[in-house]
Each structure stands twice: as structure tokens, then as C-alpha cells.
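Enquirer: Following this message is one structure expressed as C-alpha cells.
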Amino acid sequence: MLTEMLTNVRAHNPLVHNITNYVTVNDCANIVLASGGSPIMADGIDEVEEITTICASLNINIGTLNDATREAMVRAGKQANKVNHPVVLDPVGVGASTLRNETIVQLLKEVQFSVIRGNISEIKFIADLLGLDVNTASQSRGVDASDEDKVTKDNLNEAAAFAKAMARATGSVIAMTGAIDVVADTEKAYCIFNGHAEMSTITGSGCQLSALLGSYLGANPTTPLDAAAAAVIVMGVCGEIGHERMTDVDGNSSYRNYIIDAVQRLTSQQLENKARYEVR
């Protein structure tokens, strides 16, 4: 599965439309390029529908939200649905403001997402926001997951069941990322153990992953669960490879670049050998 997903991205060079936040826009573009895709960043209301039409996938990230980008996201999302292109939602900081909450409700009402990617607190907050009956209470504190919500080996079964329930409620693959990642549809959950704790010191590593999801979904549109799981595993594996390059004088800026380098140079053998996951 992993080799197939990786090979397809490099063979098809998917054009990925990113309406993302300006804090990490350059890094998102670079990681799409490194993966084998081609990025385009367009959030102008008058062009987003046209741009979305020519792209293989759409990545929507609400990290630096305003009224103009909110309308652009809705228009682009509807157009992606119309032309049957995969759409990723990254609900950065949902729960931090009324605008973010209202935008997420609007997006989930008007756009069908292929994948919703966030930390577990963000995903739980969405469940509460929509009044979904998935037996959870959010501890959202913005862009970071709360300690109370973190996925561990002790609560992994519960986390997988929650992700499946959210997939049923939303019709989307759910990708919950953290120390342990859970990527699930209604029947199957990939529990992923790759990555490195230092990845949390990089501003926008989650934004980069959502852009990477755009590449993998764009190249593998008929298998969204496997594509999403592969992208999450790739990011985790490359986080490990990048950290192996760190020296005593390197900091988080170097680490960010090492991860992007690792994505570009990743071989299928490295990916298969280093991937650590199980299916529940």
C-alpha cells in the first residue's frame, strides 16, 4: 500500500490547490514540491473556483482566517465537490474564536470533505460544535491538543472508535495527529507510531502535513483512507529521518528543512522499512 501511494504521487505530479495560512504558506508549497506534487496558492474570490477546477485536489486550512478567505474556501470547496476532486480540511485553532467555529460549521454544512485532519482536541471540538453523538467532550485549547485529550497506548482503542464514529458522522476520513496518529474511515483505523517529539517545535508541521495530504489524495483519489494514512506515515518517517541529521548547532529551522529534504529523497524501501503502524 505505501509503495503504491508514494509511487503514484511521483508518477502523476498532482496539482494541489492550497488555501492555507500565511504563517506557513512557503513551507506548505515546498513540501508539496518535495513529495512530487505541484502547489498552487490561490485565495482570491474571483479565481478560486477556476483554480480548483484545474487542480487534482484542494487543501483548506483556516489558520489565518478572514471574511474574504472564508468565502473563498466555501466557493472552492463547492467547486471541488462539483468536479469530484478530493478536499482536505485543516481546522486549525477551532474553538479559539467565534469566527473559526462559525466557519467550520459553514464549511462542513456546505462542502463534503475527503479528509478532516487535526489534533484530537480539534476533532473533538468539531464533534461538540456539530452536536454529534460520539460520546466525547472537548478539551480544545486552540492550535495544540490538550493533555487530557492526548492519544496513548492505553486509550488507543477508544481513540480509534471515536475516529470511526466521526468518519460515520461526517462522511470523511478522519486523521487525528499527535504522539500517536489515528487515521480512520467508518470501518478501519490505521494507528501510526512514527514521528518525533521535536516535530512539535516546528511552526506549521501540521499545516505541512495537510498540504502533503493534498498531494497523496490528488494522486490516489479513489483510495482516500490509504492515501491519508500513507501521507501521515510519510510525514512521521521523514520527521525521524530529519531528526537523525540534527547536530548540536541545529535548531528547529534546520529541522524543518531536513524534514522537507527527507520527503523529497524518501525511497519506497525507506518508507516500508521505517513505517510503524497497526490496523484496528
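Enquirer: Please pick out the residue among T7, T52, T64, T20 that is touching a residue at least 12 places away in the same chain (Cβ under 8 Å), open to solvent by 10 Å² or more (accessible area, probe 1.4 Å), touching a strand residue (DSSP E or B) at 6+ places or on another chain (Cβ under 7 Å) and of a type in the set (S, T, Y). Working first, answer last.
Expert: On the way: T7 fails: touching a strand residue (DSSP E or B) at 6+ places or on another chain (Cβ under 7 Å); T52 fails: open to solvent by 10 Å² or more (accessible area, probe 1.4 Å); T64 fails: touching a strand residue (DSSP E or B) at 6+ places or on another chain (Cβ under 7 Å).
Testing whether each residue is touching a residue at least 12 places away in the same chain (Cβ under 8 Å), open to solvent by 10 Å² or more (accessible area, probe 1.4 Å), touching a strand residue (DSSP E or B) at 6+ places or on another chain (Cβ under 7 Å) and of a type in the set (S, T, Y) leaves just T20.
Enquirer: Pairs under 8 Å by beta carbon, first residue within 24 Å of T24 (Cα to Cα) in region 188-203, partner open to solvent by 10 Å² or more (accessible area, probe 1.4 Å) and among the basic types (K, R), six or more apart or different chains?
Expert: Going by the 8 Å Cβ cut-off, the qualifying pairs are N194/K274; N194/R276; I202/R256.
Enquirer: Take the residues in region 108-125 that are open to solvent by 10 Å² or more (accessible area, probe 1.4 Å) and outside any loop (DSSP other than H, G, I, E, B), then tell me which one is nearest to G63 (Cα to Cα).
Expert: Here the answer is R117.
Enquirer: While we're here: Which fully enclosed helices (runs of 4 or more DSSP H) of region 192-280 have 3 or more residues being open to solvent by 50 Å² or more (accessible area, probe 1.4 Å) and not polar (S, T, N, Q)?
Expert: Details: elements: 205-219, 224-244, 252-265, 268-274.
Counting at least 3 such residues, we get 252-265.
Enquirer: Answer yes or no as to whether L15 is out of contact with any strand residue (DSSP E or B) (no Cβ under 7 Å at 6 or more places or on another chain) and open to solvent by 30 Å² or more (accessible area, probe 1.4 Å).
Expert: Numbers: out of contact with any strand residue (DSSP E or B) (no Cβ under 7 Å at 6 or more places or on another chain): no; open to solvent by 30 Å² or more (accessible area, probe 1.4 Å): yes.
When the stated conditions are applied, L15 does not pass them.
Enquirer: List, please: which pairs have Cβ atoms under 7 Å, are six or more places apart or on different chains, and start with a residue in region 248-260 that is of a type in the set (D, E, K, R) and end with one that is assigned to a helix (DSSP H, G or I)?
Expert: Matching pairs, first to second residue: R256/D27.
Enquirer: Right, E240: without any contact (Cβ under 8 Å) to a residue 60 or more places away in the chain, of a type outside the set (G, A, S), within 23 Å of M176 (Cβ to Cβ) and out of contact with any Phe, Trp or Tyr (no Cβ under 7 Å at 6 or more places or on another chain) or not? Talk me through it step by step, then tell me what you get.
Expert: Numbers: without any contact (Cβ under 8 Å) to a residue 60 or more places away in the chain: yes; of a type outside the set (G, A, S): yes; within 23 Å of M176 (Cβ to Cβ): yes; out of contact with any Phe, Trp or Tyr (no Cβ under 7 Å at 6 or more places or on another chain): yes.
Judged against the criteria, E240 is a match.
The values are calculated or read from the model by the stated rules, or taken from the named source; none is laboratory data. Remember, it's a predicted structure, so these values are computed and weren't measured experimentally. Here the Cβ is made from the backbone with ideal geometry for all residues, glycine too, and neighbour counts use every protein chain on show. Surface accessibility is based on the protein's heavy atoms, side chains included, excluding ligands, DNA and RNA. Shrake-Rupley method; radii C 1.70, N 1.55, O 1.52, S 1.80 Å.
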